[in-house]
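Here the structure comes first, spelled out in structure tokens, and everything after it is commentary.
The values are calculated or read from the model by the stated rules, or taken from the named source; none is laboratory data. Since we're looking at a predicted model, the values are computed, not measured. With ideal geometry, Cβ positions are generated from the backbone for all residues, glycine too; neighbour counts draw on all protein chains shown.
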């Protein structure tokens with residue numbers, strides 16, 4: 001992920017804003033929600049359900065904004081707009097961009113987590129989930 005695609009300051013601010021157990025729960029929620037949302041986007045796309053794709057994009061927009069995943073945020077925002085506009089071809093194309101940005105965001109978050117481990121106990125499980133283990 002390029003520096004412009006991830007904001008470590010936003011990630012760090014989120015980590016400081018909550019007690020460690022809440023932050024771990026947020027990371028675990030992201031780790032379990034992200035693959036499911038991407039899979040559901042594919043399913044909705046297969047049947048031409050733009051509203052369903054848009055809902056999943058909206059969910060990921062919240063996660064990406066909170067965690068500082070700017071590239072993912074921009075991709076899901078564009079996808080949501082395409083769905084709202086009824087542009088199925090553009091939405092189908094943007095799902096690929098969202099998947100690419102999701103992969104980059106996951107890697108950037110896992111990398112950034114290593115800088116927090118000294119101050120937050122128990123991040124190993126959330127890291128393993130994010131890495132798909």
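With respect to (1) farther than 24 Å from residue 56 by Cβ; (2) surrounded by fewer than 18 Cβ atoms within 10 Å (Cβ to Cβ); (3) at pLDDT 75 or above, the lone exception for residue 97 is condition (1). Screening 112, 55 for residues that are surrounded by 15 or more Cβ atoms within 10 Å (Cβ to Cβ) and at pLDDT below 95 leaves exactly one candidate, 112.
State whether one or more residues within the stretch 60-74 are free of Cβ contacts under 8 Å to residues at least 60 places away in the same chain, over 19 Å from residue 112 (Cβ atoms) and buried (at least 21 other Cβ atoms within 10 Å of the Cβ). Looking through the stretch 60-74, none of the residues is free of Cβ contacts under 8 Å to residues at least 60 places away in the same chain, over 19 Å from residue 112 (Cβ atoms) and buried (at least 21 other Cβ atoms within 10 Å of the Cβ).
Within the stretch 1-52, being at pLDDT 90 or above, out of contact with any helix residue (DSSP H, G or I) (no Cβ under 9 Å at 6 or more places or on another chain) and closer than 15 Å to residue 109 by Cβ holds for 9, 13. Quick one: is residue 118 surrounded by fewer than 14 Cβ atoms within 10 Å (Cβ to Cβ), modelled with pLDDT under 95 and more than 20 Å from residue 5 (Cα to Cα)? In short, yes.
Here the stretch 15-27 is the region considered, the condition is being within 18 Å of the chain's Cα centre (by Cα) and surrounded by fewer than 17 Cβ atoms within 10 Å (Cβ to Cβ), and the residue that is farthest from residue 101 (Cα to Cα) is 22. Residue check: is residue 48 more than 20 Å from residue 112 (Cα to Cα), assigned to a helix (DSSP H, G or I) and either free of Cβ contacts under 8 Å to residues at least 60 places away in the same chain or more than 14 Å from the chain's Cα centre (by Cα) (or both)? Taking the combined requirement at face value, the residue does not satisfy it. Here residue 86 passes the criteria (1) in contact (Cβ under 8 Å) with a residue 24 or more places away in the chain; (2) more than 9 Å from the chain's Cα centre (by Cα); (3) surrounded by 15 or more Cβ atoms within 10 Å (Cβ to Cβ) except the one numbered (3).
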